[in-house]
Amino acid sequence: MKQIKTISKGSVKDIRNKGCGECQTSCQSACKTSCTVANQECENITTKRR
Amino acid sequence: MIHLFTFKDLNIVTDTESGAVHVVSGTVYDMLSAAEHKKDRPFCVDASTQREAKEEIEELVREGLLFSEPVPEELVSPELREPVIKAMCLHIAHDCNMRCAYCFAGTGEYSGERSLLPAETGRNAIDFLLEHSGTRRNLEIDFFGGEPLMNFGVVRDLVRYGRERERELGKHIRFTLTTNGLLLDDENSAFINEHMDNVILSIDGRPEVNDRVRRTVAGGGTYEHIIGKLRRFVKAREKAGKLYYVRGTYTAYNKDFAEDVAHLASLGFGNVSVEPVVTSAEEDFALTEADIPELCAEYDRLADLMIEREKSGAPLSFFHFNIDLSQGPCVFKRAAGCGAGTEYVAVAANGDLYPCHQFVGEPAYLLGNVNAGNFENRLFDTFNTAHIFSKPACRDCWAKYWCSGGCHANAVHMNGDILRPHELVCALERKRLECAIGLAALAQM
Ligand code: SF4
Ligand code: SF4
């Protein structure tokens with residue numbers, strides 16, 4: 001494609017084997033006054049990578 | 001739903017329902033923006049460029065990367081989750097050795113008396129977490145306060161106890177600690193660096209900014225008392241290869257908070273987080289919706305700082321600009337990030353249980369007591385049904401799968417309605433996400 005460069009195809013729709021609940025509780029990470037999940041990791045994947 | 005914005009000289013389009021991110025030409029940007037606003041607009045480019053843009057857009061639509069269909073809510077609703085508790089905020093001390101003007105804990109005592117958590121209560125809290133954690137293996141305990149180093153003997157004791165119990169039960173507890181740094185010394189630092197997976201160090205930035213709100217008990221500034229300790233601690237922590245964040249709060253007194261991040265970075269702190277103060281509108285230092293344009297411009301300045309640092313070979317990690325575009329958490333998590341009242345609880349120094357640290361001391365949110373062994377999660381449904389599909393503002397928000405619906409405590413405290421996120425915080429969250437996505441896109445160009 002000449003006019004569009006796709007940076008990411010996103011992963012919202014990937015729901016296979018997901019929802020295990022092992023990932024970190026968002027607010028615990030650094031803020032304690034807000035929550036965001038953009039910077040969180042999926043435990044399912046990180047565990048596999050290790 | 002799509003969202004269009006510019007970052008530096010990039011035209012960026014995000015597709016809400018898939019999470020896809022694209023950098024596009026001016027023609028594509030104009031066409032998509034016309035489509036979003038359902039307006040026909042004349043384009044001042046030649047016909048072949050237009051045709052090419054149109055074909056590329058259509059291809060992405062076919063691939064489900066633009067204007068894609070929503071994931072069926074019934075498949076991914078957070079309401080499907082089991083009532084399991086896996087994270088705990090443990091209030092080691094309802095007392096503090098600082099007197100910060102904006103403290104939501106009322107300078108440590110959480111509208112109760114100043115007190116320290118007894119070791120026995122802490123052990124009961126850990127037992128409580130383990131008992132309610134179902135089949136979850138990874139659990140979290142944050143040592144919080146007030147100031148947890150005021151009761152550090154109990155922290156040591158509880159880490160030891162937690163390690164014993166996790167072995168028995170085949171679980172893994174991640175310990176974290178939040179401190180103002182005043183009592184850090186080589187001895188407690190060594191223990192912290194060995195046992196804590198993450199440490200949050202509170203400091204607001206430039207000396208005059210920090211000292212205006214973060215005060216000693218006697219009313220003086222705190223910067224000079226903590227800065228050396230924090231730097232020494234971070235040096236040791238970096239050597240140990242462990243995670244930390246220096247975390248500041250910005251208020252109406254320092255709307256130029258990028259300067260504070262720059263100051264902290266210049267001192268060698270590589271992981272920084274600053275958060276907008278959330279407080280009653282009557283306070284002098286409260287932020288209001290009228291501040292939004294200025295604050296958004298400040299996040300742009302912060303993004304510039306990050307780009308400069310990256311170029312100079314000393315990259316900075318700013319908590320809210322970190323984004324994982326390639327993967328990130330699954331949609332179940334994205335639909336309700338805040339675990340308050342469902343998977344997360346706070347335990348006060350007297351053993352009282354609350355949905356999260358921000359509700360501690362509020363009778364309406366009291367859920368039981370770990371010493372008495374009584375616990376009734378009567379607010380589970382209220383919290384469990386608050387997610388991006390049920391909050392009207394979130395349903396129509398382009399950022400929903402990155403934001404995850406905001407902080408329940410903010411919604412309750414600022415708007416009196418758990419389903420109505422705080423608009424000021426939303427505006428800032430969306431701006432931070434634009435910067436985060438922009439920086440990630442820039443890195444790939
Ligand atoms: S920014 Fe606000 S409206 Fe958008 S998803 Fe987050 S909480 Fe909901
Ligand atoms: S309510 Fe707010 S402060 Fe409490 S856990 Fe959720 S995001 Fe964190």
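List, in order, the whole-Hz ³J(HN,Hα) value for each residue of the stretch B:11-23 obtained from phi through the Karplus relation with A = 6.51, B = -1.76, C = 1.60 and θ = phi - 60°; use x for Gly and Pro.
9, 10, 10, 10, 9, 4, 6, 9, x, 5, 10, 10, 9
In deg cm²/dmol and to the nearest 500, what is the mean residue ellipticity at 222 nm of chain B if only DSSP H runs of at least 4 residues count, each as -39500 (n - 2.57), divided by the residue total?
Computed ellipticity for chain B at 222 nm equals -11500 deg cm²/dmol.
Given Cβ point charges of +1 (Lys, Arg) and -1 (Asp, Glu) and nothing else, what value in debye, to the nearest 20, does the dipole of the stretch B:88-151 about its Cα centre take?
Roughly 140 debye, rounded to the nearest 20.
Using only the alpha-carbon atoms, how far is helix B:152-169 inclined from the longest principal axis of chain B? Give it as 0 to 90 degrees, nearest 10.
Rounded to the nearest ten degrees, it is 70.
Once neighbouring chains are kept in place and the probe is 1.4 Å, which whole percent of the accessible area of chain B is contributed by carbon and sulfur?
Answer for chain B is 50 percent, counting heavy atoms of protein chains only.
Can you give the Rg and Dmax of chain B based on its C-alpha atoms, in angstrom?
Just the Cα atoms of chain B yield Rg and Dmax of 23.2, 76 Å.
Any idea what the dipole of the protein assembly as shown comes to, in debye rounded to 20, about its Cα centre with Lys/Arg Cβ at +1 and Asp/Glu Cβ at -1?
The calculation lands at about 1240 debye.
For the stretch B:206-263, which semi-axes, largest first and in whole Å, follow from the square roots of 5 times the eigenvalues of its Cα gyration tensor?
23, 16, 8
Let me see the P(r) profile for the stretch B:331-396: every Cα-Cα distance counted, bins of 10 Å, each bin given as a percent of all pairs.
Percent of Cα pairs in each bin: 21, 47, 24, 8, 0.
With a 10 Å cut-off between alpha carbons and a GNM built on chain B, which of B:S202, B:S33, B:S312 moves the most?
B:S312
If you place +1 on the Cβ of every Lys and Arg and -1 on the Cβ of every Asp and Glu, how big does the dipole about the Cα centre of chain B come out, in debye to the nearest 20?
With Lys and Arg at +1 and Asp and Glu at -1, about 1040 debye.
Quantify how strongly other chains surround peptide B:145-153 by giving the mean number of their Cβ atoms within 10 Å of each of its Cβ atoms.
Across B:145-153, the average partner-chain Cβ count within 10 Å equals 0.
Starting from the 7 Å offset along Cα-to-Cβ, what nm value, one decimal, do you get for the label separation of B:N415 and B:C296?
My value for the distance between the label points is 1.8 nm.
Please give the per residue accessible area of chain B, computed with a probe of 1.4 Å over protein heavy atoms only, in Å².
40
Rg to Rh ratio, the stretch B:278-377, alpha-carbon atoms and Kirkwood radius?
1.12
Can you give the angle from 0 to 90° between the axis of helix B:47-62 and the longest principal axis of chain B, with both taken from C-alpha atoms, to the nearest 10?
Once rounded, one gets 40 degrees.
At a probe radius of 1.4 Å, figure out the B/A buried accessible area, summed over both chains, and give it in Å² to the nearest 100.
5200
Positive end of the charge dipole of the protein assembly as shown (Lys, Arg +1 and Asp, Glu -1 on Cβ, about the Cα centre): tell me which of B:A240, B:I388, B:M445 has its Cα farthest that way.
In the protein assembly as shown, that residue is B:A240.
Could you work out, for the stretch B:308-424, what percent of all Cα-Cα pairs fall into each 5 Å distance bin, beginning at 0 Å and stopping at the bin that holds the largest distance?
All Cα pairs considered, the percentages come to 2, 11, 17, 19, 15, 13, 10, 7, 4, 2, 1, 0.
Once ligands and nucleic acids are excluded and a 1.4 Å probe is used, how much of B:S266 is accessible, expressed in Å² to the nearest 10?
80
Return an integer: the convex hull volume of the alpha-carbon atoms of the stretch B:74-131, in Å³ per residue.
With only Cα atoms used, the stretch B:74-131 gives 127 Å³ per residue.
What is the distance, in nm, between label points placed 7 Å from the Cα along the Cα-to-Cβ direction at B:E166 and at B:E423?
4.4
Pop out the Kirkwood hydrodynamic radius of the stretch B:104-245 from its pairwise C-alpha distances, inverse of mean 1/r, in Å to one decimal.
Here the Kirkwood hydrodynamic radius works out to 16.4 Å.
Taking the Cα atoms of the protein assembly as shown, what is the range of coordinates along each of the three principal axes, in descending order and whole Å?
Result, largest extent first: 75, 48, 46 Å.
Apply the Karplus parameterisation 6.51 cos²θ - 1.76 cosθ + 1.60, with θ equal to phi minus 60°, to every residue of the stretch B:211-227 and state each ³J(HN,Hα) to the nearest whole Hz, in sequence, with x for glycine and proline.
6, 5, 10, 9, 10, 6, 4, 7, x, x, x, 10, 3, 5, 7, 9, 4
Given the options B:G170, B:A258, B:L158, identify the residue whose Cα lies farthest towards the positive end of the charge dipole of the stretch B:134-291 (+1 on Cβ of Lys, Arg; -1 on Cβ of Asp, Glu).
Going by the Cα projections, it comes out as B:G170.
From zero outward in steps of 10 Å, how is the percent of C-alpha pairs of the stretch B:1-92 spread across the bins?
Computed distribution, short to long bins: 14, 36, 22, 13, 10, 5, 1.
Quick one: net charge of B:P315's neighbours, Cβ under 12 Å, K/R +1, D/E -1?
Neighbour charge sum, excluding B:P315 itself: 0.
The values are calculated or read from the model by the stated rules, or taken from the named source; none is laboratory data. Given the structure is predicted, the values throughout are model-derived calculations rather than measurements. Every residue, glycine among them, receives a Cβ derived from its backbone with ideal geometry; neighbour counts consider all protein chains shown. Heads up: the accessible areas ignore ligands, DNA and RNA and are worked out on the full protein's heavy atoms, side chains in. Shrake-Rupley method; radii C 1.70, N 1.55, O 1.52, S 1.80 Å.
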